[in-house]
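Data block below; observations after.
The values are calculated or read from the model by the stated rules, or taken from the named source; none is laboratory data. Please read these numbers as outputs of a predicted model, since none were measured by experiment. So basically every Cβ, Gly included, is an ideal-geometry build from the backbone, and we count neighbours across all protein chains shown. Only protein heavy atoms, including side chains, enter the accessible area calculation; ligands, DNA and RNA are left aside. Shrake-Rupley method; radii C 1.70, N 1.55, O 1.52, S 1.80 Å.
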Amino acid sequence: MSDDLFAQLLELFNQPGPVNWKLAGEVAKQLTGPAEPIDPWLAEEYQELTRLAQLRVAESTNLPIPEAIAANPIDRAGWAQANLRSLRYLVEPLAAKLADQGGEMGPLDAVLRPLVPALLGMQMGVMVGFLSRRVLGQFDVGLPAAEQSELYLVVPNVESFAADNGLDPRQVRLWVALHEVTHQAEFAQPWTRTHLVRLVTDYLDGLDLDPAAMSDKLQGLQDPEQLQRLLDDPAGLAGLIGSEAQRPLLEAIQAFMAVMEGYADFLMDRAAPGLLPDLARMREAIDRRRSEPSQGEQLLNRLLGLEMKHRQYELGARFCQEIVRRWGEHTLDVLWEAPDRLPSLAELEDPVAWAARVLLD
């Protein structure tokens, strides 16, 4: 190995800050692959379909719709680059916790603590890199970016999904645009984005550190064979463990995400008639996709312990349908008034209990 290569590696691993974002970017870049130019005519079609989706969603909900954001048709590498730091709230609380508790790692502390930013950067790079191979749009991850961002549509993944499932690509493009626009409307409400970010941050802040497991993880960065295994299957931050006290926060996050998907499905069903003749077939394909999480989604779940199950998305959709059946469509507007109007995980299975708490208070 040349001295120049050693110097490049030293510079890559020796970056300032609690998270090594340069290493994260390099790892993500290796996993996403080279840039994939998007034909201008195809990019224009995505933008036109997104404008149509914005008009139909605005007609289908009482939610205040934000000013339309132009769609940004993008490739996998572009999505990874744009989203790496936008998901920083998933890892920066962990960096602070590891910095505070790092002294508990024993005699190896002085050697291993400087590797913590590299480990966190590598984990984020692997997660985002794998996610980029499958996400269809900006909100396909389930967790939003920390701030309002552009409306990204990952063209190579959308086109592959249509081809793999034998679906009309134009209808799939419009379906993805509708999905992104509905979530954009949800997270444009004054409190939704900040509420979810706060829930995730509080949850991560309550995790405990297992010094022995974390030391093993960090030592893996010093062994080329172990490092390769970490890159192939990083298995999350094994040194972080939850407690029973964290369960209410975990369930609140899961319920929030289930409601977001459930309401989006309800809204898309209202906006789609006349536009998507193959909606039923697309629903089947999407359901199969959700029931088989990708490697990136599995890493996200294991990194934070935020496992989202296909059943919880179904619960969110059934909850919205039952609310409309019993009390009318306008009742769903109550969900967006404040965080305490959202159902708990238990109330998703018992809409009457939610109504007794919220509608009769």
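Side notes on the structure shown:
- Modelled FRET efficiency - R0 35 Å, Ser294 with Val324, Cβ distances, 0.05 increments: 0.65
- Solvent-accessible surface of the range 314-361, averaged per residue with a 1.4 angstrom probe and all protein chains in place: 51 square angstrom.
- Computed E for Ala280/Leu52 - FRET, C-beta separation, R0 22 angstrom, nearest 0.05: 0.60
- Length available on full extension from Arg88 to Ala68: 0.36 nm per residue minus the Cα-Cα distance, which gives 4.7 nm.
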